[in-house]
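Scroll down for the structure; my scribbles are underneath it.
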Amino acid sequence: MTRIFSGIQPTGTPHIGNYFGALRNWVALQEDHECVYCVVDYHAITIEVDPTALRQASRNMALDLMACGIDPQRSIMFIQSAVPEHTELAWILGCVTSYGDLTRMTQFKDKSAGRKFISAGLFTYPILQAADILLYRTQGVPVGEDQVQHLELSRRIARRFNSRFGEFFPEPDPIVGKGARIMSLADPTIKMSKSAGEAHYIGVMEDEKSIQKKIRSAVTDTGLTAGEEMSPGVATLFEILELSTEMLGDTSIVSELKADFGAGKLMYSHLKDAVFENLMAVLRPIQARRAELAASGKVDEILAQGAEKARVIARENIAKVRELAGLG
Ligand code: AQP
């Protein structure tokens, strides 16, 4: 069975970009793949975070993942730092990674811009990401579009390791579906993300009133006449509507509103109402599940079991890597 790996940073609540771009694919892939899903706390410390808050955030993210549909009975779910083989492999892979390749990573340029202190960890982040993926000899990685460049680097790192030490790692393929780049509703020229600020994302667990307010104040345009090209803000609203209605199994409202748009008579308030109603119909059950899971108090036990299963694979693969690389 094909093995899948993916990770998410415990930097607050997941947003609907994370959900539509990655997490719902994580859930679907559980049906017929061996899935390994990780809360990547080593990645989170590449920038300054409060240690107590981080430990809690990792557990909260695990609860969020389960609420979204990750089933720890079927998938291996754990916190990255509980499997230290990730960092051991990262060192080894760092020795087959080209410095020039790292300097071309656009995410580093974006994330380091405007920072007073730029950690070496932020720069070498893609090597740790390659280690996360390759440690499980992963074949497929469901990600949003912003991670495709890093995945291409992981493939190059796997090739270099294989040619220097002997064939061992498969080259992981990106799995990129619809919704792989959801834009901010407050500024549809930038990606929906938490680091851009509160206004720029809708949290999966966010309060209904707050979601409604963000959708109502989403940037559109001053009204277009028939035949004009859709503005980025309106396109983003339609994308969220389409993704939500697809999940709910009835997309007829999308065709109706698109026909109105084509005829130049779409009222954006109708579009926004439809986005809010359908998005909430997707999010409400997830939010209800999240509340139940938090009350059950079992997250530590689930994560410990996940880490144990992950370590079985990790130990076996790191032993082989050490042997191939002449270490120990
Ligand atoms: N806007 C997005 N649209 C679609 N997919 C997205 N992903 C992230 N943003 C979007 C995908 O979600 C997965 C987890 O991403 P992550 O761990 O990199 O999450 P994050 O960095 O915490 O997400 P943010 O909020 O977007 O982070 P910042 O603010 O740091 O940039 C990945 O598969 C990612 O592609």
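The values are calculated or read from the model by the stated rules, or taken from the named source; none is laboratory data. Keep in mind it's a predicted model, so treat the numbers as computed, not measured. Counting neighbours? That spans all protein chains shown, and the Cβs are built from the backbone with ideal geometry, glycine included. Each accessible area value is taken on the protein alone, full model and side chains, heavy atoms only, with ligands, DNA and RNA left out. Shrake-Rupley method; radii C 1.70, N 1.55, O 1.52, S 1.80 Å.
The table below lists the values:
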item	result
Degrees, to the nearest 10: 268-296 long Cα axis against longest axis of the chain	40 degrees
Size of the chain as Cα extents on the principal axes (Å, biggest first)	71, 46, 41
Spatial separation of Cα centroids for region 276-328 and region 250-266, in angstrom	40 Å
Accessible-area ranking of I157, I45, largest first, probe 1.4 Å	I45, I157
Anisotropy class of region 212-282 from Cα gyration tensor, a/c 1.5 cut	oblate
In Å², nearest 10: area of V312 left accessible to a 1.4 Å probe	90 Å²
Normalised contact order of the chain, rounded percent, pairs of Cα under 8 Å and 6 or more residues apart	23 percent
Built amide H within the under 5 Å cut-off of I175, gap 5+	V141, V143
Using alpha-carbon coordinates, inclination of helix 120-134 to the longest axis of the chain, degrees	80 degrees
At 0.692 mPa s and 37 °C, Stokes D of region 14-123 from Kirkwood alpha-carbon radius, µm² per second	205 µm²/s
Which of E301, E323 is most accessible, then next, and so on - probe 1.4 Å	E323, E301
The chain: angle of helix 51-68 to the longest principal axis, Cα-based, in degrees nearest 10	60 degrees
Cα-centre dipole for region 58-151 with unit charges at Cβ (Lys and Arg positive, Asp and Glu negative), debye to 20	260 debye
Rounded, prolate or oblate (a/c below 1.5 giving rounded, otherwise prolate when a/b exceeds b/c) for region 185-311 by Cα gyration tensor	prolate
Accessible area (Å², 1.4 Å probe, nearest 10) - H33	40 Å²
Region 277-328 - accessible surface per residue (Å², probe 1.4 Å)	57 Å²
With all protein chains modelled, accessible area of R322 [1.4 Å, Å²]	90 Å²
Point-charge dipole on Cβ atoms (K/R +1, D/E -1) for the chain, about Cα centre, debye to 20	820 debye
Antiparallel bridge percentage (DSSP; both residues within the chain; nearest 5)	10 percent
Karplus-derived 3J(HN,Hα), 6.51/-1.76/1.60, for each residue of region 317-328, Hz, glycine and proline x	6, 5, 4, 5, 4, 4, 4, 4, 8, x, 9, x
Amide proton proximity set for C35, modelled H, under 5 Å, gap of 5+	I4, I76
Per residue, in Å², the accessible surface of region 133-204 once ligands and nucleic acids are set aside, probe 1.4 Å	40 Å²
Accessible area of the chain belonging to carbon and sulfur atoms, whole % at 1.4 Å probe	53 percent
